[in-house]
Each structure stands twice: as structure tokens, then as C-alpha cells.
1. Can you compute the equivalent ellipsoid semi-axes for the range 81-132, i.e. the square root of 5 times each eigenvalue of the Cα gyration tensor, sorted largest first and rounded to whole Å?
2. Quick one: compute a quarter of the convex hull surface over the Cα atoms of the range 79-191 and quote it in nm².
3. Which order do the peptides 396-402, 190-196, 225-231 take when ranked by the mean count of other beta-carbon atoms within 10 Å per residue, highest first?
4. Between the range 156-205 and the range 355-422, what is the C-alpha centre distance in whole Å?
5. Just to verify a number: FRET efficiency for Thr41 and Asn79, C-beta to C-beta distance, R0 = 25 Å, to 0.05?
6. What are the extents of the Cα atoms of the chain along their three principal axes, listed from largest to smallest and rounded to whole Å?
7. From the helices alone, meaning DSSP H stretches of at least four residues, give me the mean residue ellipticity at 222 nm for the chain, per-run term -39500 (n - 2.57), in deg cm²/dmol to the nearest 500.
8. Out of the total accessible area of the range 318-477 (probe 1.4 Å, heavy atoms of protein only), what percent is carbon and sulfur?
Amino acid sequence: MSKNLSAIIAHCALILAVIIVIGILGSIASASQSTGAEKFTGEIERGATIRVLENDTAIKQGYFSELIDAFNSEYKEYNIKVVDANMDQYTDLENDGPYGYGPDVLYQANDRIMRYPSGRHVLPLPVEEFDCYDQISEKGWQAYKQTVGGQEYTFGVPVNVQGPLLYYRKDLLPENWEQEWDDDKNGVPDMIEYWTDMYRYSKQVKENSSGTKYGYMRSFLEPYFSVGYLYSYGGYSFGNNNTNPSDIGHSAGNAELGGRIIRQLASVMDERCIDDSVTTGAYAAIASGEFFATITTPDVYTMFVDEMKAAGYSDEYIAQNLVTTYIPKLPVSGNLEDESQGFIESNMMGGVQGYAVSSYTKYPNASLAFVKFAASYNMIKRRNELLGIVPARKDVADEVGGLSEVINNNLENGNITVMPSIKENAQMWTPLQTLFQDLAKDAFRNGSEVKYDTLESIKDALKKVDQQIYDGIFTLQ
């Protein structure tokens, strides 16, 4: 009898313990989901030191120091001090944050910030409180939205819309371009409007200079600048607007035509397009006239300016001859030697850079105050002036006009596809990079070494890339 009673008591105790544990875990989960709302009380922590991880270009060009000084002055009554986190701009908050090594506030592209919500490494933000809330498009906000625990939150504040631009030297155009390179007589050089003409002109420059000068040059090492060729012909990264990681489609539609474009463009370059030397050397090469054109993002415009100044050009000369414009149109045929079927707009990968607040910060309210200040009208306008960024704020974009309006319109019209805001996108970069490098290298192979001389071979390679990405997400974890 006593043994049975003891067993019953032990069994009841075990059940009670399980119920308590489940209750505790449920409370923890519930607290985690509402932790952003609970932490943002509106009471700014006095005496806080906020470590901010910023973009390297913003630091180098002096914008970040201006931002820090302006904020510290504005909030001096709280004795808050914002400092440079002084760490690599691609720091891993997931691994560094729990041990106190991560920043309080981080400025990164949406694909990097949005790796963190599922692990609760960044805080959901009360973005409706921001003065920029109604000035940023839904597509801009969407880049920072994610559903956690059955509820949708916003984890970042858009600052800068990224989309590749064509940079070129107007003074390096052929003297007779208006007669020979403006077939439609619209006052715009054909090689700036159409990839077929850029390809033809680049081939001419390379041949005429015996390979000492080039028309268009760009490394294929970074998939961000090349995956758009696949998108333009029906490919995509993930299904359901880049939210479904089980549906991978870089080989979808006629994406192999985009692969052929990459191979053809590489043929008018040299083998530097396979590695990173073109990217790191592009600023000086544009300044020296070795390259006529390249593609990169708007926020590095000042890097080209600095190199041209170092080469002896005046500010006025640079303003007149260093030109940025949107990406040329692609041939419907997917063949740079065949424009008989007309042209389509290029659909390039873009991104939305912005600020997020670490879940590990000791000063959430001071950190939020900094993000609000950094996303304000005056600071975004100043960021544009110093760095040439494309503001996510419509009021600033409308005021500065030009390419800021163009890129925001391209985002709205679907000609820019924003990088996936899911953590699984980390698995796609390496397979794409490997294939794009191999496609580019194929332009320099001979005879039996050639691998991608048919559309079928490119299609098969893209299918393998999709499978590698799928395996990386679902099989190899």
C-alpha cells in the first residue's frame, strides 16, 4: 500500500514538474515575442554608450562622424554617447551578440539583417512612431518584415535603396558617336541604352587597344550584380516573392539566356572578370581611362570622384564626365549578337539597406532614439549629399530627383528585385558565384575545354545550382 502511494505521489510530482516547465517555456516564448514592445518604454537610458556598426564607405567618406556628432549634440542632456562599434561591417550578430561582442545598432542590407529575426537576435521596431513611416514605400518596408510566432513584425528601418547603376566616362565616348552610335537619334549613345551595343563597342575598344583598354568591365565574382541576367529571362531565387525557400528557380523560364549573356560579356573583358581585382580596381581604372564603363551601386559614387581628383581632374570636369545611369536593355533573343527581336528592360537584383537594433543591447530606448535620428529627413539628405545614396524616403528622393527617382520607380515597377529577406538566402551565394565564375571563364577556354557552348548545357548547370541550394537548406544542415 505504501509503495503504491509513493508511486502515485512520485507520478503526480512528475506531472506537476512537466506542467511547470511547460508553463515557464510558454512564458519565455511569449515574453520573447513581445520583448520589443516591452523594451521600448520611451524612457531613454541616461549615460548610455551606443555602439553602432556602420557601412565602411560611410565611415571612410566622413558621413558617420557627422552623424555621431549631430546625435551626441542633440541628446547631450541624456549624456548619451554614440561610438563606432569598430568591427567588420559584416559581423555575425547571431554568434557575437550573446557574448556581448555585437553592436547595439547595426546598418546592413536587408538580406543580412533578416537572418536574425527567427533567432530573436534583433528587436521588432515600433516603426509607426518614425517620421519616415509614411515616406517609405510598402516594398521598402516589406524588405524588413517577417512573421515570428504567428505575428508579422518589422525589424529594420529602410534608409537606402540599392540597385546597380552603370557608371561611364562621357569624355571617352567616340568622337563620332552622334553619327555612328545613336541609331534612334535620341541624343543618348546606343551603348548606354542597349547591351548589344555595349558588347559591340567593348569588343572594338579591346581589339583597337590590343587589350590595354576595355569598354565594359565588371567582375562576376559577386552574384548580386549578375543574377539579374537570370531574372530578366524568367529566373527567380525563391518562390512566392522570395519567401518560399523550398521553391528555387534560378533555372526557371529561359534563365539560360541570361547565363549566355554573362558568358558573352566576359568575352570582351580579360580574365580579371573571374576574380575580385576588377571590383577593387574599378575606381582607379575608370579614373585612368582604362575602363570606359562598369556597374556598381550608387553609394560608392564618391570613390570614383576621389580617384578622378587624384588623377588631376577638376570637380567641374568630373561632374560633367562621370555619368551614372540605369542598366542598359537586354535583347529579347538573349544573344548579344542578335537584336532583331527587340529589347526588354533589365531586371536586376537590388537591396534595401537600413538600421536594426540588437536584442542584446542594454540600451534599447537610446538605440531606438539613434535610429530615429539617423532615419530623419536631414540626416538622409546629408547621407545622399556625401555618399550619393538613393534615399528610401520619398520626400528626400523627390527633392534630389535624378536617379533617386528612377531607382525608386524601378523598385515599384518590378525592374529591381529585392534580395530575399529570409535566412535561407545565405545558401544561394556560393553556388551562384561558382557558376557565374565558370561561365565567365568559359569565354577564355579553347576546344574541348569549353563547357557552356549550348543553351542546354547552361540550363543543366543552373538546375544543378538550384539543387545545390536546396540541399544546402534542407539536406546538409
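1. 19, 15, 11
2. The orientation-averaged projected area of the Cα hull of the range 79-191 comes to 12.7 nm².
3. 225-231, 190-196, 396-402
4. 27
5. Working from the Cβ atoms, E equals 0.85.
6. 102, 59, 33
7. -13000 deg cm²/dmol
8. 45
The values are calculated or read from the model by the stated rules, or taken from the named source; none is laboratory data. This is a predicted model, so every value here is computed, not measured. When we count neighbours, we look across all protein chains shown, and the Cβ atoms used for this are built from the backbone with ideal geometry, even at glycine. Side chains included, ligands, DNA and RNA excluded: accessible areas come from the protein's heavy atoms. Shrake-Rupley method; radii C 1.70, N 1.55, O 1.52, S 1.80 Å.
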